[in-house]
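Undergrad: Pasting a structure below so you can have a look.
The values are calculated or read from the model by the stated rules, or taken from the named source; none is laboratory data. Bear in mind the structure is a predicted one, so any value in this text is a computation, not a measurement. We place every Cβ from the backbone using ideal geometry, glycine too, and count neighbours over all the protein chains shown. SASA here: full protein model, heavy atoms, side chains in, ligands and nucleic acids out. Shrake-Rupley method; radii C 1.70, N 1.55, O 1.52, S 1.80 Å.
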Amino acid sequence: MISFSSFYQQIADSNLQHWLETLPSILGKWQREHKHGNLPKWEKVLNKLHYPVPDQVDFIDSVTIGSGEQLSPGEKEKLENLLRLFMPWRKGPFHIHGIHIDTEWRSDWKWDRVKQHISPLKNRTVLDVGCGSGYHMWRMLGAGAKRVVGIDPSPLFLCQFEAVKRLAGTHHPVHLLPLGIEELPPLDAFDTVFSMGVLYHRRSPIDHLLQLRDQLRTGGELVLETLVIDGDENAVLVPEDRYGKMNNVWFIPSVAALMLWLKKCDFTDIRCVDTDITALEEQRRTDWMPNESLVEYLDPTDMTKTVEGYSAPKRATIIAVKNQPNQDLLG
């Protein structure tokens with residue numbers, strides 16, 4: 001069974017220690033009641049990942065674990081077969097003992113777009129909301145973060161993260177908790193909070209922005225990356241049914257509308273630092289994710305539109321700072 005005890009120990013003497021009043025019972029309930037059919041199988045695979053401490057790691061320029069020289073060809077083949085049992089791999093890529101996990105998303109491209117605009121992460125405590133399998137968490141650690149906490153309710157993402165962490169060495173201060181942000185109390189503790197690729201999946205985007213704000217210390221930085229449309233501050237797309245074949249897309253605002261939302265949620269120093277139309281080379285089918293991907297979500301006769309006729313995915317990164325609490329919002 002996946003254990004969270006080391007995380008409890010690490011935060012016991014930190015500014016997150018008050019989280020211990022509620023977190024163990026929430027995660028204990030998750031461990032007792034979670035019924036995902038594949039979780040026992042994935043946990044058995046995790047228990048087979050007994051490999052030597054890697055002779056090198058790189059989280060600065062990539063997520064690379066091991067030089068590829070430590071394992072024999074047979075050991076490497078066995079490890080690759082075990083890692084394939086966690087397919088589909090969506091966020092990455094990972095390079096593990098010479099094995100290239102070629103994920104659906106080139107998450108390194110997103111990181112390269114974002115990292116140049118954020119405040120330095122050195123010695124910061126960081127929260128990554130909707131972290132997936134944790135690729136960006138390792139890059140945050142490589143950028144100097146003191147502690148990185150990711151939350152994502154998917155048990156597959158949790159097991160993928162645990163696989164990478166066990167192979168990298170469990171001493172790294174990076175942790176993934178199988179929670180949604182609505183399960184977090186207002187912690188007011190993180191120096192930086194990332195929410196990348198989450199907002200458009202939320203039924204109430206304003207509530208999501210307030211929940212993100214409640215995790216930041218005053219003066220802490222929010223890094224928000226999400227789908228956007230063109231238009232003024234009143235432009236918001238609400239798909240009638242699906243968007244890019246996704247049935248859980250609720251609101252896609254313009255950059256101007258999103259910045260207004262953040263202002264109303266009492267953020268300050270709000271700025272859009274990047275917009276980017278998702279390229280077919282950035283999100284695609286691979287040997288490690290053989291299901292449909294971006295090319296199948298677009299109109300084959302007009303790649304500037306989704307199959308439903310909406311504008312093709314365009315993403316923006318907004319950075320904002322938590323202001324002093326607004327009593328009107330709190331009331």
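Undergrad: Give the residue, chosen from Lys44, Lys110, Lys78, Lys48, that is within 18 Å of the chain's Cα centre (by Cα) and basic (Lys, Arg).
TA: Testing whether each residue is within 18 Å of the chain's Cα centre (by Cα) and basic (Lys, Arg) leaves just Lys110.
Undergrad: Ok, one more. From the list Val255, Val228, Val249, which residue is under 20 Å from the mean Cα position of the chain (by Cα) and under 24 Å from Gln116 (Cβ atoms)?
TA: Exactly one residue qualifies, and that residue is Val228.
Undergrad: Only one of these conditions is not met by Asn291: (1) in contact (Cβ under 8 Å) with a residue 40 or more places away in the chain; (2) buried (at least 19 other Cβ atoms within 10 Å of the Cβ); (3) among the polar types (S, T, N, Q); (4) over 14 Å from Leu199 (Cβ atoms). Which number is it?
TA: (2)
Undergrad: Quick check, is Gly37 farther than 25 Å from Ser293 by Cα, at pLDDT below 95 and not in a helix (DSSP H, G or I)?
TA: In short, no.
Undergrad: Have a look at Trp111, Trp89 and point out the one that is touching a residue at least 40 places away in the same chain (Cβ under 8 Å) and not aliphatic (A, V, I, L, M).
TA: Trp89
Undergrad: Check Trp42 against each of (1) closer than 21 Å to Leu85 by Cβ; (2) in a loop (DSSP other than H, G, I, E, B); (3) hydrophobic (A, V, I, L, M, F, W, C) and name the one condition it does not meet.
TA: Condition not satisfied by Trp42: (2).
Undergrad: Take the residues in region 245-282 that are assigned to a helix (DSSP H, G or I) and of a type in the set (A, V, I, L, M, F, W, C), then tell me which one is surrounded by the most Cβ atoms within 10 Å (Cβ to Cβ).
TA: This residue is Leu258.
Undergrad: Is one or more of the residues making up region 316-324 hydrophobic (A, V, I, L, M, F, W, C), within 19 Å of Trp109 (Cβ to Cβ) and in contact with a Cys (Cβ under 6 Å, 6 or more places away or on another chain)?
TA: yes
Undergrad: I would also like to ask the following. Please state which of the following conditions Lys41 fails to meet, knowing it meets all the rest: (1) touching a Leu at 6+ places or on another chain (Cβ under 8 Å); (2) open to solvent by less than 50 Å² (accessible area, probe 1.4 Å).
TA: Result: Lys41 passes all but (2).
Undergrad: Moving on to the next point. For region 74-99: of the residues being basic (Lys, Arg) and in a helix (DSSP H, G or I), which is most open to solvent (accessible area, probe 1.4 Å)?
TA: Checked region 74-99; the qualifying residue most open to solvent (accessible area, probe 1.4 Å) is Lys78.
Undergrad: Six or more apart or on different chains, Cβ atoms under 8 Å: show the pairs whose first residue is in region 304-328 and closer than 17 Å to Ile118 by Cα and open to solvent by 70 Å² or more (accessible area, probe 1.4 Å) and whose second is in a loop (DSSP other than H, G, I, E, B) and modelled with pLDDT of 95 or more.
TA: Note: no pairs meet the criteria.
Undergrad: Taking region 50-73 as the region of interest, how many residues are without any contact (Cβ under 8 Å) to a residue 40 or more places away in the chain and either surrounded by 11 or more Cβ atoms within 10 Å (Cβ to Cβ) or touching a strand residue (DSSP E or B) at 6+ places or on another chain (Cβ under 9 Å) (or both)?
TA: The total comes to 8.
Undergrad: Turning to a different aspect of this structure: Looking at Glu308, Glu292, Glu282, which one is out of contact with any Phe, Trp or Tyr (no Cβ under 7 Å at 6 or more places or on another chain) and of a type in the set (D, E, K, R)?
TA: It is Glu292.
Undergrad: If a residue must be over 25 Å from Phe7 (Cα atoms) and either assigned to a loop (DSSP other than H, G, I, E, B) or without any contact (Cβ under 8 Å) to a residue 24 or more places away in the chain (or both), how many such residues does region 114-127 contain?
TA: 4
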